[in-house]
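Working notes for the structure below.
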Amino acid sequence: MALQAPEGTRDLLPDESRFWSHFKQTAADVFGRYGYLPIETPMFEQTELFVRGIGEATDVVSKEMFQAISGENMKKLLAGESIKSKSRLSLRPEGTAGVVRAVVQHDLVPQGAPPVKLMYAGPMFRAERPQKGRYRQFNQIGVECLGAEDPTTDAEVIIMLMRFFTAIGIPETSMRLLVNSMGCDECRPIYRERVRTYMEEHASELCDECMRRAEINPLRAFDCKNPSCSAVMDAAPKITDYLCDECKEHYAAVKSLLDGAGIEYTQDTRLVRGLDYYTRTVFEVQVIDGLGSQNAIGGGGRYDKLAEEVGGRATSGLGFALGYERCLLALQAAGFELPSAGRCDLFIACVDDSMRAAAFGLLQMARDAGLVCEMDHQGRSLKSQFKLADKLGALRVAILGPDELAAGKLKIRDMATRREALVDLEAAKKLLAHFSGLPFGGKVPKIEDVFPMGDEE
Ligand code: HAM
């Protein structure tokens with residue numbers, strides 16, 4: 001049997017790959033307006049970074065990390081030898097820990113400096129059970145803002161995320177934004193203990209997994225999908241009743257800024273998110289229909305203690321990540337179809353084989369000038385060359401024939417109108433040479449600039 005891609009992974013075939021590029025470009029445009037600059041961090045990091053940053057008790061770290069072990073170290077492990085802690089590596093399950101590690105390592109926010117705003121896009125890896133919208137390798141676009149404590153930054157990143165979703169075409173009415181505050185080191189431990197006591201009081205109604213969670217990380221029980229646990233946790237004490245005055249004030253300010261910006265949201269006191277680094281504001285965007293249980297298309301929050309956790313000085317931070325695959329599913333649920341086929345400005349057809357060398361020369365000149373061009377490479381008849389040009393969506397076809405070539409002319413057919421025109425070959429070549437002298441990425445000519453349909457036959 002032919003080999004298949006590993007379970008839980010997807011190939012991004014050309015149409016989708018182009019769409020992913022469009023996604024990243026839109027993110028760069030939207031987030032660029034807010035001052036975000038790109039950063040790329042490694043796809044694997046020391047396992048310790050995720051353990052310290054995301055939290056040992058989270059599902060992401062305790063169950064879902066792919067370890068990355070070099071051949072040499074694997075041999076050592078198999079032989080029962082130990083390996084150095086810095087050689088214990090894992091594929092990144094998310095981007096925040098790596099970005100914060102880079103910010104600390106390169107001292108990107110020296111004391112007193114303005115906040116640093118970073119964005120990234122790329123694959124993340126989680127060994128979850130694959131299902132619709134849940135993959136083992138998936139693509140995220142994320143932003144992280146380090147060195148900003150003010151509620152305006154919380155509101156700003158939330159607004160930015162919603163702007164991105166609408167820019168990409170997800171209808172506003174098909175999304176809901178959930179917000180909550182997770183409190184801080186002062187108020188959350190008190191709340192956590194309160195939830196633990198509550199869970200012990202309801203032990204008989206909760207599943208074993210939740211009761212195990214009650215020991216290490218009781219807030220995780222809010223995410224349990226078991227209906228009985230969900231009903232119990234619905235009636236659990238609410239974090240908002242336990243926030244300290246400063247957290248209360250911060251949360252109120254974020255909400256009032258969102259109100260002022262006309263952003264609709266629902267306060268969800270059960271929103272705790274699956275990563276342990278969050279403090280204060282957390283948020284998640286879900287699509288209302290079509291994605292089943294994997295309906296979160298993006299989420300994030302504040303993490304004012306994370307820089308210290310990874311060995312840096314106290315630096316507040318916040319950000320979000322959105323899942324490309326789930327956004328695509330949401331778009332498709334809203335009737336969107338992937339734009340198909342690449343662009344083709346010009347197809348060069350040969351009347352007979354003697355024209356192939358001249359056609360090949362013209363093809364290179366046109367490409368150097370910035371046009372997207374193609375010719376036949378399989379010895380097709382003129383008729384099937386036209387069929388191929390049609391299939392490629394060519395705007396115009398240049399037909400090279402011995403008689404025209406001898407007269408220094410070239411026949412051009414406009415594929416939309418089926419009109420034909422004779423153009424002067426030397427003049428066209430001069431124009432192509434002019435455009436190819438321009439720096440790459442300079443002004444690209446339009447097909448009608450180079451091959452006008454002027455003097456009709
Ligand atoms: P997260 O909520 O774990 O947050 O992931 C963000 C988004 O990635 C989710 O809303 C979802 O769209 C997508 N996603 C997560 N897991 C999968 C999966 N297995 N398959 C497909 N898509 C998935 C974070 O990763 C945080 N780092 C966000 C953040 C940034 N918080 C602060 N800064």
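Go through the range 58-82 and give me each residue that's within 26 Å of the chain's Cα centre (by Cα) and either in a loop (DSSP other than H, G, I, E, B) or touching a residue at least 12 places away in the same chain (Cβ under 8 Å) (or both).
Thr58, Asp59, Val60, Val61, Lys63, Glu64, Met65, Phe66, Gln67, Ala68
When only residues in the range 284-294 that are within 9 Å of the ligand (Cβ to nearest atom) and touching a helix residue (DSSP H, G or I) at 6+ places or on another chain (Cβ under 9 Å) count, which is nearest to Leu329 (Cα to Cα)?
Gln294
Quick grid of which residues meet (1) within 16 Å of the ligand (Cβ to nearest atom); (2) part of a helix (DSSP H, G or I):
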{"site": "Ala5", "(1), (2)": "yes, no"}
{"site": "Arg10", "(1), (2)": "yes, no"}
{"site": "Arg18", "(1), (2)": "no, yes"}
{"site": "Lys24", "(1), (2)": "yes, yes"}
{"site": "Phe31", "(1), (2)": "yes, yes"}
{"site": "Thr41", "(1), (2)": "yes, no"}
{"site": "Val51", "(1), (2)": "yes, yes"}
Residue selected from the range 257-274 under the condition of a type outside the set (S, T, N, Q) and under 14 Å from Met175 (Cα atoms), by the criterion nearest to the ligand (Cβ to nearest atom): Tyr265
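State whether one or more residues within the range 95-106 are touching a Lys or Arg at 6+ places or on another chain (Cβ under 7 Å), under 30 Å from Arg213 (Cβ atoms) and not in a loop (DSSP other than H, G, I, E, B).
The answer is yes; a qualifying residue exists.
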So is Ala314 without any contact (Cβ under 8 Å) to a residue 24 or more places away in the chain, hydrophobic (A, V, I, L, M, F, W, C) and either within 29 Å of Ile39 (Cβ to Cβ) or more than 13 Å from the ligand (Cβ to nearest atom) (or both) or not? yes
If we scan the range 224-235, do we find a residue that is buried (at least 16 other Cβ atoms within 10 Å of the Cβ) and either closer than 30 Å to Ser316 by Cβ or in the same structural domain as Ile158 (by TED's automatic domain parsing) (or both)? yes
Take the range 1-45 and flag every residue that is of a type in the set (Lys, Arg) and in contact with a strand residue (DSSP E or B) (Cβ under 8 Å, 6 or more places away or on another chain). Arg10, Lys24
Within the range 377-443, considering only helices (runs of 4 or more DSSP H) that don't extend past its boundaries, which have at least 3 residues that are surrounded by 18 or more Cβ atoms within 10 Å (Cβ to Cβ) and at pLDDT 95 or above? 382-392
Determine if the range 335-351 includes at least one residue that is over 30 Å from Val103 (Cα atoms), more than 35 Å from the chain's Cα centre (by Cα), part of a helix (DSSP H, G or I) and modelled with pLDDT of 95 or more. no
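What do you reckon, is Gly35 over 30 Å from Ser340 (Cβ atoms), in a loop (DSSP other than H, G, I, E, B) and either more than 16 Å from the ligand (Cβ to nearest atom) or in contact with a Phe, Trp or Tyr (Cβ under 6 Å, 6 or more places away or on another chain) (or both)?
On the way: over 30 Å from Ser340 (Cβ atoms): yes; in a loop (DSSP other than H, G, I, E, B): yes; either more than 16 Å from the ligand (Cβ to nearest atom) or in contact with a Phe, Trp or Tyr (Cβ under 6 Å, 6 or more places away or on another chain) (or both): yes.
Yes: the conditions hold for Gly35.
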Conditions: (1) small (Gly, Ala, Ser); (2) loosely packed, with under 13 Cβ neighbours inside 10 Å; (3) not assigned by TED's automatic domain parsing to the domain that holds Glu94. Ala349 meets all but one. Number of the miss? (2)
Any chance the range 151-165 includes a residue that's among the hydroxyl-bearing types (Ser, Thr, Tyr), surrounded by fewer than 20 Cβ atoms within 10 Å (Cβ to Cβ) and closer than 23 Å to Val272 by Cβ? no
In the list Ile159, Ile141, which residue meets the criterion of being touching a strand residue (DSSP E or B) at 6+ places or on another chain (Cβ under 9 Å) and touching a residue at least 60 places away in the same chain (Cβ under 8 Å)? Ile141
Give me the helices (runs of 4 or more DSSP H) completely within the range 111-216, filtered to those with at least 2 residues that are away from the ligand (no atom under 15 Å from the Cβ) and not assigned by TED's automatic domain parsing to the domain that holds Tyr36, ordered by residue number. 188-201, 208-216
Based on what the data block shows, is Leu331 of a type in the set (A, V, I, L, M) and at pLDDT below 95? yes
Pairs where the first residue, in the range 192-218, is under 16 Å from Ile239 (Cα atoms) and the second is hydroxyl-bearing (Ser, Thr, Tyr) and at pLDDT 95 or above, C-beta under 7 Å, 6+ apart: Arg194/Tyr242
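The values are calculated or read from the model by the stated rules, or taken from the named source; none is laboratory data. All figures in this text were calculated on a predicted structure; none of them were measured in a lab. Quick reminder, even Gly has a Cβ in these numbers, built from the backbone with ideal geometry, and neighbours come from all protein chains shown.
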